[in-house]
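Structure first, then comments.
Where a number appears in this text, it was derived from the coordinates with a stated rule and is not lab data. Please read all numbers here as calculations on a predicted model, not as lab measurements. Every residue, glycine among them, receives a Cβ derived from its backbone with ideal geometry; neighbour counts consider all protein chains shown.
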């Protein structure tokens, strides 16, 4: 089963859960942060098209 390991969002209030949340108000910074975390965490970044990215670990 996949696990959400991080969230990159525009506003902290719009997301929740047990994963670390990184807040970036600028679109370019949000993408840069998501793609850097993707490499660091060996995860997959997914753009939810609502101002948020989730980083998912599919390893078992």
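Observations
- The residue of segment 3-23 that is surrounded by the fewest Cβ atoms within 10 Å (Cβ to Cβ), among those that are in contact with a strand residue (DSSP E or B) (Cβ under 6 Å, 6 or more places away or on another chain) and assigned to a loop (DSSP other than H, G, I, E, B), is 20.
- Residues in segment 25-50 that are out of contact with any strand residue (DSSP E or B) (no Cβ under 6 Å at 6 or more places or on another chain) and in a loop (DSSP other than H, G, I, E, B): 25, 26, 42, 48, 49, 50.
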